[in-house]
Amino acid sequence: MTRASRQRTTGGSAVQAALRNLGWLLASRGVLAVLSLLYLGLATRTLGIADFGRFALVSGAAQALAVLVGFQTWQVVVRFGMDHRAAGDDAALGRLYRLCMLLDGASAVLGLLLATVILAVWRDRLGISAALLRDTILLTASQLLSIRSSAIGILRLSDRFGEAAAADSLTPVVRFVGAVLAAALMPTLHAFLWAWSAAEIATAIGYWILLVRSGDAALVWRARIRGRIAADNPHIGRFLLNSNLVSSLGLATKQLPLLLVGGFVGPAAAGAFRLALQIAQALAKLAQLIARAAFPEVVRAIRGVAPAEIAAVLTRMVAASTIGAVVILIVIAGIGKPLLVLVGGDASYGGAYWLLMWLAAAGSIDLAVVGLEPVLLAADRSGAAMAARAAGVAAQLTLSLILLPRLGAAGAAVGVFSASLVGAILLGATVRGYARSRAAVA
């Protein structure tokens, strides 16, 4: 076999492997997406617009904290663990796993401290009454203590996407069961917060059971770091910092707009915004799934595929994802309004249609360029990915703060769209420059 044919085979197999990984993720997420709409519908109908808005603000704040303080250790495990696994160095792999799990634990502690400060200072602005404080703390603690990024990375490094999908499925399943029980037996905001807390804990337990059964946990117990991490994993500190900043900046396009709407407009408006965001985030979740499925294969492709082949693979990936994004956006445009009313159980939710369209358009852009950020991370250009995200967030915050007092929740939705547009343009330009530089060197 010639070198060129080997490169073509490598590029093709990478795409096929990424699609296989994605298939495992989508197989679980298809049914789970339906479950998410069902449990969200139960929450909106049971709680009403105002209480659902308070529930959205509480759960959104807890998720925001988890993302803000959490390191993207799953990317670290995949990026650096691949070399250790290829070399058969279980000791270095165990040290990497142990470091990442310690970082997850530190993130949880830091998050709990930040949560204490936030609840003490901004509790009233978030619509959290004294009666809700205990359950808000419970949900926030369960969200933080169940940070499982390292476990996700370990399973993905081993191409065990089926097992990861099974563990992830516990979150919506437990939420759905909890929502049904809450609606039937205790139709209060407290009960729904308990259900969401139970879902986080159950998912974390599921991941740990998988790691123990597979023997990966044993590598962690035996590992001793002792200053070897930097030698084992060159530039790990820079990669960890940049990937965490990229994730934290991505938070601005997901949870921060909801909190801004709650602070500027009130809990009822936050409830309508949350419902529109949930439907639109189907696109964002699809983009996230593709990125997670592709990342291990992108790391392999960057090392084993010729520069010209990388450009061709990226072109096909962007073309396919763009077509899919346009199709989904057209579908949402057609069924969005009746879907909002159906899930919300109140005709007033139909007024969130244009919020939904702005948010769905942002999700479409993210889906179209989903393959670009993993390329930069795999090529050790995480700083460029961070800069693109930062520029998008700056545009979003500027527009949101200007438009929220004038347009209400629509101002936040326009801000989310601007972040996706600016970020996509910069990511595209950066990846294009990277591909050209690789081709010039070859």
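The values are calculated or read from the model by the stated rules, or taken from the named source; none is laboratory data. Values in this document were obtained by computation on a predicted structure and should not be read as measured data. Neighbour counts run over all protein chains shown; Cβ positions are idealised from the backbone, glycine included. Heavy atoms of the whole protein, side chains included, go into the accessibility calculation; ligands, DNA and RNA do not. Shrake-Rupley method; radii C 1.70, N 1.55, O 1.52, S 1.80 Å.
Within 18 Å of R148 (Cα to Cα), open to solvent by less than 80 Å² (accessible area, probe 1.4 Å), touching a helix residue (DSSP H, G or I) at 6+ places or on another chain (Cβ under 8 Å) and not small (G, A, S), is that true of L249? Quick ask: steps written out before the conclusion?
Details: within 18 Å of R148 (Cα to Cα): no; open to solvent by less than 80 Å² (accessible area, probe 1.4 Å): yes; touching a helix residue (DSSP H, G or I) at 6+ places or on another chain (Cβ under 8 Å): yes; not small (G, A, S): yes.
Considered against the rule, which asks whether it is within 18 Å of R148 (Cα to Cα), open to solvent by less than 80 Å² (accessible area, probe 1.4 Å), touching a helix residue (DSSP H, G or I) at 6+ places or on another chain (Cβ under 8 Å) and not small (G, A, S), L249 comes out as no.
Does R54 satisfy the criteria of being out of contact with any Cys (no Cβ under 6 Å at 6 or more places or on another chain), within 20 Å of D346 (Cβ to Cβ) and in a helix (DSSP H, G or I)? So R54 fits the description; yes. Against the conditions (1) within 18 Å of the chain's Cα centre (by Cα); (2) open to solvent by 20 Å² or more (accessible area, probe 1.4 Å); (3) among the polar types (S, T, N, Q), T398 satisfies every one except (1).
When the stretch 194-208 is limited to residues that are aromatic (F, W, Y) and under 12 Å from L138 (Cα atoms), the one that is surrounded by the fewest Cβ atoms within 10 Å (Cβ to Cβ) turns out to be W194. Checking every residue in the stretch 154-173 against the condition of being under 18 Å from A64 (Cα atoms) and aromatic (F, W, Y) gives zero matches. Taking the criterion of being farther than 19 Å from T73 by Cβ and buried (at least 18 other Cβ atoms within 10 Å of the Cβ), the only residue of the stretch 85-117 that qualifies is A115. Taking the conditions exactly as written (touching a Phe, Trp or Tyr at 6+ places or on another chain (Cβ under 6 Å) and open to solvent by 40 Å² or more (accessible area, probe 1.4 Å)), does R134 satisfy them or not? Criteria not met by R134.
Report yes if some residue within the stretch 430-439 is under 19 Å from the mean Cα position of the chain (by Cα) and buried (at least 23 other Cβ atoms within 10 Å of the Cβ); otherwise report no. Among the residues of the stretch 430-439, not one is under 19 Å from the mean Cα position of the chain (by Cα) and buried (at least 23 other Cβ atoms within 10 Å of the Cβ), which makes the answer no.
Give L26, L40, L65 a once-over and let me know the one that is in contact with a helix residue (DSSP H, G or I) (Cβ under 8 Å, 6 or more places away or on another chain), closer than 30 Å to L193 by Cα, modelled with pLDDT under 55 and of a type outside the set (F, W, Y). Spell out how you get there, then give the answer.
On the way: L40 fails: modelled with pLDDT under 55; L65 fails: modelled with pLDDT under 55.
Among L26, L40, L65, only L26 is in contact with a helix residue (DSSP H, G or I) (Cβ under 8 Å, 6 or more places away or on another chain), closer than 30 Å to L193 by Cα, modelled with pLDDT under 55 and of a type outside the set (F, W, Y).
In the list A217, A191, A223, which residue meets the criterion of being within 30 Å of L133 (Cβ to Cβ) and open to solvent by less than 20 Å² (accessible area, probe 1.4 Å)?
Values: A217 fails: within 30 Å of L133 (Cβ to Cβ); A223 fails: within 30 Å of L133 (Cβ to Cβ).
Exactly one of A217, A191, A223 is within 30 Å of L133 (Cβ to Cβ) and open to solvent by less than 20 Å² (accessible area, probe 1.4 Å), namely A191.
Name the residues in the stretch 66-84 that are among the aromatic types (F, W, Y) and open to solvent by less than 50 Å² (accessible area, probe 1.4 Å), would you? Answer for the stretch 66-84, where residues must be among the aromatic types (F, W, Y) and open to solvent by less than 50 Å² (accessible area, probe 1.4 Å): W74, F80. Condition check for L145 on (1) over 26 Å from the mean Cα position of the chain (by Cα); (2) open to solvent by 10 Å² or more (accessible area, probe 1.4 Å): one failure, at (1).
The single residue among V422, V375, V370, V416 that is among the β-branched types (V, I, T) and surrounded by fewer than 24 Cβ atoms within 10 Å (Cβ to Cβ) turns out to be V422. Scanning the stretch 395-409 for residues that are touching a residue at least 60 places away in the same chain (Cβ under 8 Å) and over 15 Å from L259 (Cβ atoms) yields a single hit, P405. For the stretch 109-139, how many residues are over 16 Å from S197 (Cβ atoms), charged (D, E, K, R) and in contact with a helix residue (DSSP H, G or I) (Cβ under 8 Å, 6 or more places away or on another chain)? Matching residues across the stretch 109-139 total 2. Evaluated against (1) modelled with pLDDT under 85; (2) surrounded by fewer than 22 Cβ atoms within 10 Å (Cβ to Cβ), A164 falls short on exactly one condition, (2).
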